[in-house]
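As structure tokens, the structure follows; a few thoughts come after it.
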Amino acid sequence: MPHDIVTNAPRQAMTKRVYGQTGAAIREGTRTIGEDGRIYVQHGETLESANLTASEEAKVKDMLAIRDAAKKVVDIQVHDQPESVLTPALESLRSKYKAYVLANGTLTSSKNADLLDRDPGCAFP
């Protein structure tokens, strides 16, 4: 086999601006969606590519949407907002979760849970 056929993929530089994190501190190891729509992992002051396949990236994006929807529901409950605010948030969370499970299985299955392994953003602070 000829040498130099397989090489390391170059790391992509990424700015610190990410969707859904405006004004919030991003913790070490947190997965985020970059301005280019790709998944990145916070390491120190930089974001590094998560090096996921297209299929894995799609799953992670859906998982992050579920995480964000769940955190929104908790925030609404903690701040004792009215049912008129809570109900649509719960419906959105249920819809996202149901669609994910139908397409990919449960979030806790090994094939899914491993995608966000050691991501501090997946647990509620």
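The values are calculated or read from the model by the stated rules, or taken from the named source; none is laboratory data. Please read these numbers as outputs of a predicted model, since none were measured by experiment. So basically every Cβ, Gly included, is an ideal-geometry build from the backbone, and we count neighbours across all protein chains shown.
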- Among residues belonging to segment 28-49 that are under 11 Å from the mean Cα position of the chain (by Cα) and among the aliphatic types (A, V, I, L, M), point out the one that is nearest to Gly121 (Cα to Cα). Val41
- Note on the structure: Going through segment 73-102 in order, the residues found to be polar (S, T, N, Q) and more than 30 Å from Glu56 (Cα to Cα) are Gln77, Gln81, Ser84, Thr87
- Query: Can you name the residue in segment 58-79 that is of a type in the set (D, E, K, R) and modelled with pLDDT of 95 or more and, of all such residues, is farthest from Ile26 (Cα to Cα)?
  - Reply: Lys59
- Task: Keeping to segment 74-95, report how many residues are touching a helix residue (DSSP H, G or I) at 6+ places or on another chain (Cβ under 6 Å) and under 21 Å from Leu116 (Cα atoms).
- Result: 1
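Being of a type in the set (A, V, I, L, M, F, W, C), in contact with a Lys or Arg (Cβ under 7 Å, 6 or more places away or on another chain), modelled with pLDDT of 95 or more and not assigned by TED's automatic domain parsing to the domain that holds Ile26 narrows it down to one residue among Ala89, Ala99; which is it? First the steps, then the outcome.
Working: Ala99 fails: in contact with a Lys or Arg (Cβ under 7 Å, 6 or more places away or on another chain).
When all the criteria are applied, what remains is Ala89.
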- Task: Identify the single condition in (1) within 27 Å of Glu28 (Cβ to Cβ); (2) free of Cβ contacts under 8 Å to residues at least 12 places away in the same chain that Asp119 does not satisfy, given that it satisfies every other one.
- Result: (2)
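So that you can scan it fast, the table gives a plain yes or no per residue for (1) free of Cβ contacts under 8 Å to residues at least 24 places away in the same chain; (2) under 25 Å from Ser95 (Cβ atoms); (3) out of contact with any Asp or Glu (no Cβ under 8 Å at 6 or more places or on another chain); (4) part of a helix (DSSP H, G or I):
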{"position": "Ile33", "(1), (2), (3), (4)": "no, yes, yes, no"}
{"position": "Tyr40", "(1), (2), (3), (4)": "no, no, no, no"}
{"position": "Glu48", "(1), (2), (3), (4)": "no, no, yes, no"}
{"position": "Glu56", "(1), (2), (3), (4)": "no, yes, yes, yes"}
{"position": "Lys61", "(1), (2), (3), (4)": "no, yes, yes, yes"}
{"position": "Ile66", "(1), (2), (3), (4)": "no, yes, yes, yes"}
{"position": "Ala69", "(1), (2), (3), (4)": "no, yes, yes, yes"}
{"position": "Lys72", "(1), (2), (3), (4)": "yes, yes, yes, yes"}
- Message: Based on this model, can you work out whether Ser109 counts as more than 25 Å from Ile26 (Cα to Cα), modelled with pLDDT under 95 and not charged (D, E, K, R)?
- Response: yes
- Limited to segment 77-125, what total is found for residues that are over 13 Å from the mean Cα position of the chain (by Cα), part of a helix (DSSP H, G or I), among the polar types (S, T, N, Q) and surrounded by 11 or more Cβ atoms within 10 Å (Cβ to Cβ)? 5
